[in-house]
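Working notes, beginning with the structure itself.
The values are calculated or read from the model by the stated rules, or taken from the named source; none is laboratory data. Note that the structure is predicted; figures quoted are calculated from it, not measured. Backbone-built Cβ (ideal geometry, glycine too); neighbour counts: all protein chains shown.
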Amino acid sequence: MPDHVTNQIMVKNDDADHTKLLELAIFLKPEKGKLGDIDFNKLLPMPEELNIEACSIGENGLKLYSQFMKESLSLAFSNLGTQRSKEEQNRLVSELIDKYAKIAERDPEAWELGEKYYNNLQKYGARHWYDWTNKHWGTKWNAYDCIPWEKGSDMLEFYTAWDSVVKLMAMLSKKFPEMEITYRWANEDLGYDVGEIVMKDGRIEQERLPIDGSKEAYEMAAEIMGSSPEEWGFVFSEAEGTYVYTEDIEQRHIEKLHEERSEKKEKKTRNDTMER
C-alpha cells in the first residue's frame, strides 16, 4: 500500500458561489465521472498504447525481444561490409526468424508484452503505464478518492499515491492564467512531505514548504487533513521544539480517516439519489 497524499485545490479571490473553482472542477472531470472527480489525463494525457500490464512476464519478454532486434540489426549491418550472396543473407535471416519464432511459441504472452514494451520505449521512453505516470505525472496512479462537488464547495480534494503533483498543478495554472490557484498537500506520514504553493499562469507566486519533522510541518499537515497532531498520537515537546510520537494509534487514526472519507462520499451519493 502506498502513502496516501491528501491534495487540495482552491482559488483565491473567488466569488461566494466559487464559480472559478467550479470551472476547474468541470475541466478536470473525467468523461464518465462526477463533479469533484479528477482525471490527470485532462492535463497530460497518457498514450493509450501504454495502458498495458506492468509485470515480470513482460520484462522477460522485453529481454528476449530486445535480443531479437539486436541480432536482426547486427545481421543487417554485417552484410554491408561483406560479399555475402543474397541467398546466403536470406538463409541467415530465415534461421534467425525461425529461432525466435520457437522462443515466442514457448511463451506467447511474454513475447507479445515484450514487443509492446520495446515499441513503447522507442516511441515514448516508457515501457508501460507505470513508467509513464511516474515520469510525467509524478505519481503512479491517477487521482482517487476524490470528494464529490457540492454547491458552495470551496476546494477540490483528492488523494495521490506517494507524492504530490506540483508539476500537474502548474499545468492547470497555465491553462487558467487569470486565476490564482492555491495547491496544498500533506502525506499521511504526518509531518513529512507537506506544503502549499500559490500559482498564477504556471508561475509560483508564493510557497510555504516547512522543514520535514518541524512543528510547522506537523501542524500544517494535520490541518490539511482536518485533524490535529494529538489525534495522530503526537504531543509537543518543549525540549525537541517539535512534536514527538507517544502512542501506537497512528494506524488506527489513518483507518478512521479513510472510513470518514468513505462515509462522506456514500452520504453524498445517497443524497444525489434521493434528489433524483
*Tell me which of these residue 66 doesn't satisfy, since it passes every other one: (1) within 12 Å of residue 116 (Cα to Cα); (2) at pLDDT 80 or above.*
(2)
*Out of the range 225-238, which residues are in a helix (DSSP H, G or I) and either surrounded by fewer than 20 Cβ atoms within 10 Å (Cβ to Cβ) or without any contact (Cβ under 8 Å) to a residue 40 or more places away in the chain (or both)?*
229, 230, 231
*Answer yes or no as to whether residue 255 is modelled with pLDDT of 80 or more and part of a helix (DSSP H, G or I).*
no
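Residue-wise test of (1) surrounded by fewer than 15 Cβ atoms within 10 Å (Cβ to Cβ); (2) modelled with pLDDT of 95 or more; (3) under 20 Å from the mean Cα position of the chain (by Cα).
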{"site": "107", "(1), (2), (3)": "no, no, no"}
{"site": "129", "(1), (2), (3)": "no, yes, yes"}
{"site": "133", "(1), (2), (3)": "no, yes, yes"}
{"site": "138", "(1), (2), (3)": "no, no, yes"}
{"site": "157", "(1), (2), (3)": "no, yes, yes"}
*Does the range 167-190 hold any residues that are closer than 19 Å to residue 5 by Cα and in a loop (DSSP other than H, G, I, E, B), and which are they?*
188, 189, 190
*asked:* Between 222, 239, which is at pLDDT 80 or above and over 19 Å from residue 187 (Cα atoms)?
replied: 239
*residue 50: more than 23 Å from residue 223 (Cβ to Cβ) and among the hydrophobic types (A, V, I, L, M, F, W, C), yes or no?*
yes
